[in-house]
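One structure is given here, and the rest of the page talks about it.
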Amino acid sequence: MEYGKSLGGFVIWLAVAAFWLPDAGLAEENGTGRVKEQVELEPMVVTAEKREGDAWKIPGGISVVGDGRIEDFRLNSVRDIVAVVPNFYVTDTGMTDQSFASMRGIGSSMTGTPTVGVYVDDVYVQPGLSASLADVERVEVLRGPQGTLYGRNSEAGVINIVTKKPGDIWEGKISADAGRFNSHAVQGVISGPLVRDRVSFRGGLRYDESDGWFENRFDGSDKAGRKKNYDGRFTVLATPGDTLDLQISYDMMRHDSPDYAHFALFDRGGDLRRNVDVDYAGETKKDRDTLSLRAGYDFGALRLVSITSTYKEDGRSRNDVDFTPVDLLNLSLRQKVSSLSQEFRLHSTDSSAPLQWLAGVFLLREKKEGGYGMWMNFMNMGMGMPGETLSADNEMTTTGGALFGEGTYTFADRLHLTLGLRYDRERQEFDYEQPSPGPALGMMGYGAMSGSRADTHEAWLPKASLSYDLTEGVMPYIGVSRGFRSGGYNTVDNLGSSFEPEFTWNYEAGLKTAWLDKRLQANLALFYIDWTDMQVEVLTAGGTAVYINNAAEASSRGLELELAARPVAGLDLFAAFAHTRARYEKYNVGSRIYDGNTIPDVPGYTASLGGTYRFGPGLIPLPTDCI
């Protein structure tokens, strides 16, 4: 296939360029007495394992996207990093906040809970794919189940976003972008000290607007597909003493856009890729606010960290769901979310000690209130009776907690054994009510219904890995970990029915290498994932809607290859390739047997390559692509 030839040639070119290009050794003086710039790839310090460490030393699949690459390639949100991270894929439905992600073949759906956990400065973000990357220091992507340290809803992986922190000098930055369809964005940031050496501030805002790329032939407007988003982040960092640090952060999102703009059931002329024909273009509004307090205290060889966060969301939408120019069906959705979480962590700080360890406790209380209303215009359907609305309301409260710990012991400075365990428990209480509909809907079999449910889920989530430093630049490893995704309740179709948690086991072997005076890095990972009680979307009896059920056992296997090179100072090149084979092992729906079928929305191959060349004040980005 063409991408294979292209990637293979690029990889060979990377190695040849890194080896043969001149001035690529360690720093030394040239004939003028000036020191040549060192060109080895710098170590990437990450906190994805909830304490600082070298990404290259982590025994597992991890990618780090720094602020330079984020800015160079205009990566504005989490969904954009698919262009530079292997085996991370986003299925974009075209609907606001209804895209879903997969890693290593493990994905979610529009109606299910996520499998990829997204965190901003250790605070869980929902929905994570919309999280802004404005004013971000780096993005750390861990592939494979991360249940031991992160718990539920991280069975596919974790994306850890680390924001830029306030500094001791006043500085600011503003930038703007413009593009087709009257798209434009402006973002700015300001940072500086409030009390010298003690208190500092950093704040940033981003505004993003577009007229949309669809024309609605019903009224000739370009409202279909438009968007208007505001994102902001404000942080105050205080260091009252040498051993205590405090960080207060506030994140806000205001998103306004239509939904379902990508559906066109009838061809009334024009390009179907650019035209729809609906009597109502739809509207979706989402407001989200996150407030967090992070406190850290050093006890010499130990550090205690406390993270308290509160989250509020208010979302509502109304959309034309018949996708025609006739007023037939309109769907309104609403959801309010409020949550409070608390985490305490205690970990060792002596990096020279043979044992590095971490222990913690996590508490959560979350309340979700939702509902829907489906307006059915029976008069326009030719039924000769007034229209009626089918509606329902629901409320779910989740109370949960976890105990977790992880430790790494180094034998003879070269062999590293990591063991971890988490106990996770949560209780869900669910109430729902569907009022009595009108007479027409009653004749169709719809009636009043209400009820309450309560379920408790618990899970033990172990982890083990073994790595060995063959040389300073070669580290093989093996590992196993378990992940799980929370159970829940169906809130629209099959109202009130529940589904159980799903569990995964990840088995992995890999090799991390650094070559040519650390100018070339090549990392390889092989994985096999086995999961049970898989949550899948099942069609209702009439085939008009879906609900979630535990209906399958499945497996996923594959490989990942990442390369990075710096042949000369200023030139950075990267390439990535991944292959995944995900299929159902056992999946029967009635008389239909799907054993051995490929799991949908999981690409068999992903690949990317690109780079940047910096010279003085200039920058040349080399194309990047995701297949």
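Values quoted throughout were computed directly from the atomic coordinates according to the rules given, and no laboratory measurement underlies them. These numbers come from a predicted model, not from an experiment. Cβ sites come from the backbone with ideal geometry, for glycine too, and all protein chains shown count toward neighbours.
General remarks:
- Extension reserve of the Leu41-Asp595 stretch, reckoned as 0.36 nm per residue once the Cα distance is removed: 194.9 nm
- Nitroxide proxy distance, nm - points 7 Å out along Cα→Cβ at Thr389 and Tyr605: 5.2
- Couplings 3J(HN,Hα) of region 300-309, computed from phi: x, 7, 10, 9, 9, 10, 10, 10, 10, 9 Hz, in residue order, whole Hz [Karplus 6.51 cos²θ - 1.76 cosθ + 1.60, θ = phi - 60°; x for Gly and Pro].
- Computed about its Cα centre, the charge dipole of region 170-218 is approximately 260 debye, with only Lys, Arg, Asp and Glu carrying charge at their Cβ.
- Once the Cα-Cα distance is subtracted from the 0.36 nm per residue extended length, the Ser332 to Lys367 segment shows a gain of 10.6 nm.
- Residues in region 459-487 that a label on Leu417 would reach, taking backbone N under 14 Å of a point 7 Å out along Cα→Cβ: 464-468
- The stretch between Asp256 and Tyr507 holds 86.2 nm of extra length on full extension. This uses 0.36 nm per residue minus the Cα-Cα distance.
- Over 24 Å (Cα to Cα) - which of Lys57/Lys173; Lys286/Lys367; Lys165/Lys286; Lys57/Lys518; Lys165/Lys512 fall in this group: Lys57/Lys173; Lys165/Lys286; Lys165/Lys512
- By the count of other C-beta atoms within 10 Å, a proxy for reagent exposure, Ser292, Ser77 are ordered fewest to most as Ser77, Ser292.
- Site pair Ser497 and Ala178 shows an inter-label distance of 5.4 nm when each label is modelled 7 Å from Cα along Cα→Cβ.
- Ile190-Asp455 pseudo-label distance in nm [points 7 Å out on the Cα-to-Cβ vector]: 5.0
- HN-Hα J in Hz across region 79-91 - Karplus 6.51, -1.76, 1.60, θ = phi - 60°, x for Gly and Pro: 5, 6, 6, 4, 6, 10, 10, x, 6, 10, 9, 10, 8
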